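**Q** Quick one: this structure, given as structure tokens, is what I'll be asking you about.
All of the numbers you see were taken from the coordinates with simple rules; none came from a lab. From a predicted model like this one, the values you see are computed outputs, not experimental measurements. When we count neighbours, we look across all protein chains shown, and the Cβ atoms used for this are built from the backbone with ideal geometry, even at glycine.
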Amino acid sequence: MKNVTSLSDEELHDCFDGTTSAELVREIFEKPSVIKDNGTVDADHFAQWFAHSLQDLIDEDPPSEEWQQAWRVNFEWGENIANNINDYIK
């Protein structure tokens with residue numbers, strides 16, 4: 001199994017569904033509980049940090065329904081990225 005923290009930018013970009021930066025993903029890897037003891041990415045923790053890091057880009061005001069929907073979309077996007085990374089490193 002590959003080490004998630006040693007993936008190249010190109011390898012990380014292969015795991016993105018959309019556009020985001022490898023730098024952001026690497027920053028999230030450093031957050032508590034994102035990388036599990038077995039070396040995989042905890043999809044829930046990663047997704048929460050991912051959505052949190054993008055919340056300032058949401059054009060709506062919290063806690064409006066539109067803001068919450070945008071946050072959920074970003075959470076699901078982060079969850080997909082984490083799952084794609086886990087599939088890639090296996």
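**Q** If you stretched the chain out fully between Leu57 and Lys2, how much longer would it get, using 0.36 nm times the residue separation minus the C-alpha to C-alpha distance?
**A** Taking Leu57 through Lys2 to full extension adds about 16.6 nm, to one decimal.
**Q** Modelling each spin label as a point 7 Å along the Cα-to-Cβ direction, I'd like the Ser64/Asp14 distance in nm, to one decimal.
**A** According to this spin-label approximation, the distance is 4.1 nm.
**Q** What distance in nm separates the simple spin-label points at Ala22 and Asp87, each placed 7 Å from Cα in the Cβ direction?
**A** 2.1 nm
**Q** Which cross-chain or sequence-distant (5 or more) residues have an amide H under 5 Å from the amide H of Glu60, H modelled 1.01 Å from N in plane?
**A** Those lying under 5 Å, H to H, from Glu60: there are none.
**Q** Give me, ordered by chain and number, the residues 5 or more places off Ile35 or on other chains with an amide H under 5 Å from its own placed amide H.
**A** Asp42
**Q** Still on this structure, please answer the following. Pick the calculated P(r) over Cα pairs in 5 Å bins from 0, in percent for this structure from (i) 3, 15, 27, 25, 15, 9, 5, 2, 0; (ii) 3, 16, 28, 29, 17, 7, 1, 0; (iii) 3, 10, 6, 7, 5, 6, 6, 5, 6, 4, 5, 4, 4, 4, 4, 3, 3, 3, 3, 2, 2, 2, 1, 1, 1, 1, 0, 0?
**A** (i)
**Q** Relative contact order for region 4-89 using alpha-carbon pairs under 8 Å, separation at least 6, rounded to a whole percent?
**A** 35 percent
**Q** Here is a further query. Want the number for Arg72 to Glu30: 0.36 nm per residue separation, take away the alpha-carbon distance, what's left?
**A** Working it through step by step, the gained length comes to 12.9 nm.
**Q** Apply the Karplus parameterisation 6.51 cos²θ - 1.76 cosθ + 1.60, with θ equal to phi minus 60°, to every residue of region 69-77 and state each ³J(HN,Hα) to the nearest whole Hz, in sequence, with x for glycine and proline.
**A** 5, 4, 4, 4, 4, 5, 4, 5, 4
**Q** Starting with the highest mean, order 38-50, 60-72, 19-31 by the number of other Cβ atoms within 10 Å, averaged over the residues of each peptide.
**A** Listed from highest to lowest mean packing, they are 38-50, 19-31, 60-72.
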